[in-house]
Amino acid sequence: MNKAFEGKKVLITGGSKGIGKGIAQAFYSEGADVGILARSEEGLKAAKEEIGNIETFVCDVTVDGERQNAFQWFIDTFGGIDVLVNNAGGSSGGKIADTSMEEFTQAMETNYFQAVHFSKMAYEQMKERGGAVINITSIFGKEAGGKATYNNAKAALISFTKAAGNEWIKDGVRVNSIAPGSILHPTGNWQKRIEENPEAMERFVEENIPAGRFGNVEEVADAALFLASQEARWLVGTTLTADGGQSRMNI
Ligand code: NDP
């Protein structure tokens with residue numbers, strides 16, 4: 001039986017750990033040709049050992065030249081691109097008054113500008129034959145909750161998703177995003193916080209996540225498979241919330 005993404009070429013930024021690795025695993029299991037990027041060569045090697053026959057490339061996505069090299073590597077290796085998952089990102093900073101302008105800039109570099117650049121490079125390839133771009137944002141890009149640096153950058157990426165989605169759909173390029181709630185995985189922030197203070201984290205889950213537990217990477221990965229699939233052909237510029245009910249928006 002054919003797998004859903006047999007022969008599709010999928011690039012995932014930040015694919016060596018956590019959510020990105022889960023997404024890489026999911027596309028690989030569905031038959032895709034997968035390439036992942038991250039800064040640590042060791043991390044990439046470990047992910048490849050775990051997942052299987054995927055390709056890896058060392059890249060700091062905040063550096064313009066490295067992005068261009070990495071994207072060219074992907075095209076040279078696979079001969080094109082069908083799906084781009086802009087997953088790399090992360091939280092930094094603290095209270096606004098204590099956060100330097102450099103940290104605000106860095107948060108935009110880490111979570112926003114690089115995803116815009118990868119999307120633009122992917123569009124140039126995809127506009128001839130169609131494709132899907134999936135941005136991993138956050139519920140904190142939609143509502144208050146995280147640090148201002150992070151919220152700002154994820155909100156910008158949600159907004160870019162809508163703009164690029166509308167602009168590129170006529171060329172068959174669908175741009176959408178997934179806004180996860182709190183996702184637990186071994187190398188992530190929530191795991192660290194559970195180890196530091198398990199009781200506080202139990203309370204956090206009880207008070208904040210209606211489903212009564214953290215999400216896992218497979219649940220975000222399933223949403224990514226859906227957004228990349230034909231079944232999501234009418235989803236354009238939208239942000240899919242995947243959070244076990246955690247976010248507080250009515251609409
Ligand atoms: P992790 O920190 O566990 O993993 C991040 C991945 O991105 C790693 O592979 C890391 O590898 C890579 N990465 C980080 N910075 C860079 C960089 N500058 N250049 C290249 N690669 C980089 O994060 P999560 O899996 O938890 O999160 C993934 C995405 O999901 C992020 O965008 C995050 O904001 C978002 N998200 C996460 C939530 C959660 O609860 N975990 C909730 C909502 C959104 P390396 O360090 O080797 O570069």
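The values are calculated or read from the model by the stated rules, or taken from the named source; none is laboratory data. Bear in mind the structure is a predicted one, so any value in this text is a computation, not a measurement. Reconstructed Cβ throughout: ideal geometry from the backbone, glycine too, with neighbour counts over all protein chains shown. The protein model used for the area step is the full one, side chains on, heavy atoms only, and it has no ligands, DNA or RNA in it. Shrake-Rupley method; radii C 1.70, N 1.55, O 1.52, S 1.80 Å.
Entry note, region 49-195: relative contact order of 23 percent, from Cα contacts under 8 Å with a spacing of 6+ residues. Global size of region 174-235: 14.6, 43 Å for Rg and Dmax (C-alpha atoms, Rg to one decimal, Dmax whole). For the chain, the longest principal axis of the Cα atoms and the long axis of helix 217-228 meet at an angle of about 40 degrees.
Average 1/r across all pairs of distinct alpha carbons in region 54-100, invert it, and you get the Kirkwood radius: 13.1 Å.
Taken over region 117-170, the alpha-carbon convex hull comes to 68 cubic angstrom per residue.
Taking the helices alone, the chain has a mean residue ellipticity at 222 nm of -14000 deg cm²/dmol, built from -39,500 (n - 2.57) per DSSP H run of at least 4 residues and averaged over all its residues.
Close amide H pairs (under 5 Å, H built 1.01 Å from N) link residue 242 with 179, 181, residues at least 5 positions away or on another chain. Please compute P(r) over all alpha-carbon pairs of region 16-66, binned at 5 Å starting from zero, and give each bin as a whole-number percent. Going out from 0 Å in 5 Å bins, region 16-66 shows 4, 23, 33, 22, 12, 5, 1 percent.
Here the simple spin-label model places points 7 Å from the Cα toward Cβ, and for residue 211 and residue 234 these points are separated by 2.5 nm. Please find, in a Gaussian network model of the chain (springs between Cα atoms separated by less than 10 Å), the residue of 154, 48, 95 whose mean-square fluctuation is greatest. Residue with maximal mean-square fluctuation among 154, 48, 95: 95.
Seen against the Cα atoms of the chain and their longest principal axis, helix 41-51 is set at about 80 degrees. If R0 equals 35 Å, the separation of the Cβ atoms of residue 218 and residue 95 corresponds to a calculated FRET efficiency of about 0.55. Taking Cα atoms only, the orientation of helix 64-78 departs from the longest principal axis of the chain by about 50 degrees.
Contour minus end-to-end for residue 49 and residue 4, with contour as 0.36 nm per residue of separation and end-to-end as the Cα-Cα distance?
Here the answer is 13.9 nm.
For region 49-138, the solvent-accessible area works out to 46 Å² per residue, with a probe of 1.4 Å and every protein chain left in place.
Legend: Rg and Dmax of region 1-144, from Cα coordinates, 15.6, 57 Å. Rolling a 1.4 Å probe over the protein heavy atoms of region 177-251, with every protein chain left in place, gives an accessible area that is 49 percent carbon and sulfur. All other residues whose Cβ lies under 14 angstrom from that of residue 155 are scored, Lys and Arg at +1 and Asp and Glu at -1, for a net of +3. Listed by chain and number, the lysines whose alpha-carbon sits under 25 Å from that of residue 147, ignoring those within fewer than 8 places in the same chain, are 17, 21, 95, 162, 192.
First check a/c for the chain, with a ≥ b ≥ c the square roots of the eigenvalues of its C-alpha gyration tensor; if it is under 1.5, answer rounded, and if not, answer prolate when a/b is larger than b/c or oblate otherwise. Rounded, because the longest to shortest axis ratio a/c is under 1.5. Modelled spin-label separation between residue 204 and residue 120, with each label point placed 7 Å from Cα along the Cα-to-Cβ direction: 3.6 nm.
Here the convex hull built on the C-alpha positions of region 126-251 has a volume of 116 cubic angstrom per residue.
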